[in-house]
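First the structure, in the form of structure tokens, and then the observations on it.
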Amino acid sequence: MTPNQPSFLVLTLPALAVVLSFVVLILFPALRLRSHRLLLSFSGAFLLGITLFELFPEVYRDFEMRQAGVFIALGILLQIVLEFFSRGAEHGHLHHKGEQSGISGILFLSLGIHAFLEGIPLVQNPDVVWGISIHKIPVALIFGSFLLGSGKTPTQSWVVVVIFALMTPLGAIFGNLTMLQNIYPYLLALVIGMILHVSTIILFESSKDHAVNLKRFGVIVLGMVLAYLL
């Protein structure tokens, strides 16, 4: 596989999604307390659709089928481990009410690893950048709300946000290194497993008490259709 040059969108859009979400939180503090269920549902559906329509065909084209399944399963397991430390922030739920400063480093590390790895397929699959970037908006809102309530100074919060915003573009550059092209299919399968876990959990958890909701169903359908048309 011949590496491609990272596009401007791949290097900027995921980072902008994080930074602008944090700016919105600062300008509109009430958003820190609001539920983002519809946004989560749309982002989860869009991300899942992009994975099914773009990433699955590639990994099964370049990979022996049984091996692909093994690494996709490993990706699911890796994401479960990461969520043990991130408290579920990747899918829009930070399951923690206690002392925030004590887990902020672990939370950042877990989210950073997730963000870095999900950038790996972006250069070879530039359309996926839209799904990753939309997914980052609710994650950034949750993580940003956590930071703003953790007692950190504005400068400290901005440093953390900027580093987090850069992780996915750095992952895209890493995944495009010539020396890694022989193992790229393995990395891609691993990322697919992570995205599958996150997107399906979003779809299950974004409904209150798992009740049928026409608005939620509508945004899920919209997310899938847009992912197909992209």
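Laboratory data are not the source of any read-out in this text; all were calculated from the coordinates shown. The structure presented is a predicted model; accordingly, all values stated were derived computationally and were not measured. Ideal geometry is used to build each Cβ from the backbone, glycine not excepted, and the neighbour counts take in all protein chains shown.
Of note:
- Among Leu55, Leu109, Leu11, residue whose mean-square fluctuation peaks in a GNM of the chain (springs only between Cα atoms under 10 Å): Leu109
- Computed [θ] at 222 nm, deg cm²/dmol, the chain (DSSP H ≥ 4; -39,500 (n - 2.57); rounded to nearest 500): -23500 deg cm²/dmol
- GNM top mover of Ile26, Ile173, Ile120 - the chain, alpha-carbon springs below 10 Å: Ile26
- Between the exposed loop cleavage positions of the chain, defined as trypsin sites (Lys or Arg not before Pro) in a non-H, G, I, E, B DSSP state with at most 11 neighbouring beta-carbon atoms within 10 angstrom, the longest gap is 98-230.
- Karplus-derived HN-Hα couplings along the range 14-28 (A = 6.51, B = -1.76, C = 1.60, θ = phi - 60°), whole Hz, x at Gly and Pro: x, 5, 4, 4, 6, 5, 5, 5, 5, 4, 4, 4, 5, 6, 10
- Taking Cα atoms only, the orientation of helix 128-148 departs from the longest principal axis of the chain by about 30 degrees.
- Dipole magnitude of the chain, debye to nearest 20 (Cβ charges: Lys/Arg +1, Asp/Glu -1, about Cα centre): 660
- Other residues with beta-carbon under 12 Å from the beta-carbon of Tyr186 carry, at +1 per Lys or Arg and -1 per Asp or Glu, a net charge of -2.
- Cα-based helix-to-principal-axis angle, 65-86 vs the chain, degrees rounded to 10: 10
- Dipole-positive endmost among Tyr186, Pro29, Ile142 within the range 8-229 (Cβ charges, Cα centre): Pro29
- Degrees between helix 104-118 axis and first principal axis of the chain (Cα, 0 to 90, nearest 10): 30
- Projected onto its three principal axes, the C-alpha set of the chain covers 47, 41, 31 Å, listed from the longest axis down.
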